Amino acid sequence: MIKITYFVHGTTTDNEQHISSGWKDVDISAKGVEQSQELPNQNTEVFDAVFCSDLIRAVHSAELSFKGKYPIIIDKRLRECNYGDYNGQLSEIVEPLQEKMITDRFPNGESYEDVKARIAEFLSDLKKTYDGKHIAIVAHKAPQLALEVLLNNKSWEEAFSTDWRKVGKWQPGWEFELV
């Protein structure tokens, strides 16, 4: 069994402007820097490694929270959903589309099922090397929802409807178990 603690990257400049970044590589804002620096005080668990997406917002958040404490391993499979033509567009346009793109792909992008396949491959590789360990992940919305589907047996509809962003219940880390 692998214990996974999942962290979402700090607030980005796009978040503050109500823009859905997707694969647009945007950094965290001053608020995101503060959030990332404060995270270790809010979650005191010990990890064997920290994995993060290769997008700068996740890398920067992971480094501010965990650099020097744990090895940080960057993995492209932990990226946000590729919204294709909608990367970097207003959230009021992108967010209603997300729940409709479970099996259909965003134009020139991917579907949430594509994200799930990436995360399933990541978990399979994780199982080979980190069995019996506790790892952290710093990433995005879509990989977190994919973990809900893959590890907590939720449907995509349930994952979207109970997402902390929708219900307003952020927390300093979400726990998952990979058996």
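The values are calculated or read from the model by the stated rules, or taken from the named source; none is laboratory data. Keep in mind it's a predicted model, so treat the numbers as computed, not measured. Quick reminder, even Gly has a Cβ in these numbers, built from the backbone with ideal geometry, and neighbours come from all protein chains shown.
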Every pair of residues 6+ apart whose Cβ atoms lie under 7 Å, when the first sits in the stretch 60-73 and is touching a residue at least 60 places away in the same chain (Cβ under 8 Å) and buried (at least 18 other Cβ atoms within 10 Å of the Cβ) while the second is of a type in the set (A, V, I, L, M) and not in a strand (DSSP E or B): Ser65/Leu39
Sole residue being in contact with a strand residue (DSSP E or B) (Cβ under 6 Å, 6 or more places away or on another chain), surrounded by 14 or more Cβ atoms within 10 Å (Cβ to Cβ) and not charged (D, E, K, R), chosen from Gln144, Gln98: Gln144
Unique residue being touching a helix residue (DSSP H, G or I) at 6+ places or on another chain (Cβ under 6 Å), assigned to a helix (DSSP H, G or I), closer than 25 Å to Phe47 by Cα and at pLDDT 95 or above when the list is Ala146, Ala159: Ala146
The listed residue being touching a residue at least 24 places away in the same chain (Cβ under 8 Å) and outside any strand (DSSP E or B), out of Pro40, Pro107: Pro40
Condition met for Lys166 (surrounded by 14 or more Cβ atoms within 10 Å (Cβ to Cβ) and either modelled with pLDDT of 95 or more or not hydrophobic (A, V, I, L, M, F, W, C) (or both)): no
Any hit, the stretch 110-128, residues being small (Gly, Ala, Ser), modelled with pLDDT of 95 or more and assigned to a strand (DSSP E or B): no
